[in-house]
Every structure is written in structure tokens, then in C-alpha cells.
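K.L.:
Got a structure for you, written out below as C-alpha cells; questions coming shortly.
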Amino acid sequence: MFTATTTAPKTIQQQVLRIISKRKAIKTRRLRIGSNLSHELGFDTVDVVDIILELERNFHIVIPDEVPLTTVGDFVNYVASHASLKAVAA
């Protein structure tokens, strides 16, 4: 399960976890909010870029290169704070 230390709505959290887990065929229950994508889960730079592109498409947001996204929680929190409710419902 996800050990939640995030204030993101469940639907956003679930969608972000699904996108991240799909990239490396990792079960979503293995993902933790504090999990580091590169150190703990073995994601490389290309994997992270692909996740960012997928999140941008799904949530209609732009994630600048300078945003530090290293943990699952970083992705969930960034998307939750920048996605509009209309994009999430779509």
C-alpha cells in the first residue's frame, strides 16, 4: 500500500502511482511515497523523463526541468498542486 504523507486527493495519487508503476511493471503496492525512483526502484533518467511526459499528457500540466522530482511523493505532490480538477475528472 501507499504510506501516505501527502495531501493529494486519492484519485490523483492513484493515477500518478499507476503511471509510475506502469513504466517498469512494478506493482503499485510496492511503491511508497518516500521511495526514491533511481536508488530504490532502479529508474534511470530516460524512465523519469517518460514518466514526466506521461504525467504532462494525462494531467495537462507542464513540469519544468528544474523541478526536483526524486521520490514517488514528489511526483504525487507536484501533480496534485498543479493539476486542475477538470483534467483529473477527464
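K.L.:
Do you know which residues across segment 18-36 are of a type outside the set (G, A, S), surrounded by 17 or more Cβ atoms within 10 Å (Cβ to Cβ) and modelled with pLDDT of 95 or more?
P.N.:
I19, I20
K.L.:
Take the residues in segment 70-90 that are in contact with a Leu (Cβ under 8 Å, 6 or more places away or on another chain) and part of a helix (DSSP H, G or I); name whichever of them is nearest to S21 (Cα to Cα).
P.N.:
Once the filter is applied, the top-ranked residue is V72.
K.L.:
While we're on this one: Taking only segment 29-69 into account, find how many residues are among the hydroxyl-bearing types (S, T, Y), over 16 Å from Q13 (Cα atoms) and assigned to a loop (DSSP other than H, G, I, E, B).
P.N.:
1
The values are calculated or read from the model by the stated rules, or taken from the named source; none is laboratory data. This structure is a prediction, so every number in the text was calculated from the model and none was measured. For neighbour counting, all protein chains shown are included, and Cβ atoms are generated from backbone atoms with ideal geometry for every residue, glycine included.
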